[in-house]
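Presented below is the structure to which this report refers.
The values are calculated or read from the model by the stated rules, or taken from the named source; none is laboratory data. Everything numeric in this text was worked out from a predicted model, so none of it was measured. Cβ: placed from backbone, ideal geometry, glycine included. Neighbour counts: every protein chain shown. Areas reflect the complete protein model, heavy atoms only, side chains present, ligands, DNA and RNA absent. Shrake-Rupley method; radii C 1.70, N 1.55, O 1.52, S 1.80 Å.
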Amino acid sequence: MALTMTVAAGNAGAQDLKSVLSGVVKNVVGDKTTTESSIIGTWTYAGPECQFESDNLLAKAGGEVAAKEVEEKIQAVYEKVGMDGCQYTFGEDGSYSCTVKGKTSSGTYTFDSDAKTVTMKSKLGIKTMAYVTVTGDSMSLVFKADKLMSVLKTVTSAVSGVNSTASAINSITDSYDGLRLGFELKK
């Protein structure tokens, strides 16, 4: 009987330890690292970023293969609009600026710590909401895929070839429900 109780207690302890470790990993790696203060600074474009709204959607879309395929397609689009060298700067005072091809747009931003989103409002009053994830010196700034074209138009100020760019983005977004597209940025 003592042996049975010891084994049962050991199993319960292992389950509790697993739960604790899972919680620690989620807290350290997951949502807890993205805070209002973690987005402050200057971030430079490093490449395209693709996320799905949920793991279930990612699985339905074919997982990592689909994500890589989307990122490869969107990379060509970003090259057309000149995203190389793009910089976002978020200030402690709630101001932001975005520089692409030597042109800067700016305004104010608000950070939603529960939803992990940043809403940027340009000086012209145009609002753009992005999902943000900060891990170390990397930040992902992604938008609902159907909103990406308006983001690119705002960021690039009517770069030539916008119609072909819009067509390419629309073909990508029509292929996957729950897709978020954006940028990986480095500090």
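Annotation: Gly107 fulfils all but one of (1) closer than 19 Å to Ser140 by Cβ; (2) at pLDDT 85 or above; the unmet one is (1). From the list Lys147, Lys127, Lys123, the lone residue that is of a type in the set (Lys, Arg) and out of contact with any strand residue (DSSP E or B) (no Cβ under 6 Å at 6 or more places or on another chain) is Lys147.
Among the conditions (1) crowded, with 19+ Cβ neighbours inside 10 Å; (2) under 13 Å from the mean Cα position of the chain (by Cα), the only one that Phe111 does not satisfy is (2). Checking the structure you have, find out if any residue of region 7-27 is at pLDDT below 75, loosely packed, with under 11 Cβ neighbours inside 10 Å and within 22 Å of Ala115 (Cβ to Cβ). Yes, region 7-27 has at least one match. Residues considered: Leu148, Leu124, Leu141. Of these, the only one that is outside any strand (DSSP E or B) and surrounded by 13 or more Cβ atoms within 10 Å (Cβ to Cβ) is Leu148. Criterion first (of a type in the set (D, E, K, R) and more than 21 Å from Glu49 (Cα to Cα)) does Glu79 satisfy it? So Glu79 does not fit the description; no. Ser138 falls short of the stated requirement of being over 17 Å from Leu185 (Cβ atoms) and in contact with an Asp or Glu (Cβ under 7 Å, 6 or more places away or on another chain). Restricting attention to region 63-104, which residues are open to solvent by 60 Å² or more (accessible area, probe 1.4 Å) and part of a helix (DSSP H, G or I)? Result: Glu64, Val65, Lys68, Glu69, Glu72, Lys73, Glu79, Lys80. None of Gly94, Gly102 is modelled with pLDDT of 85 or more and in contact with a Phe, Trp or Tyr (Cβ under 8 Å, 6 or more places away or on another chain) except Gly94.
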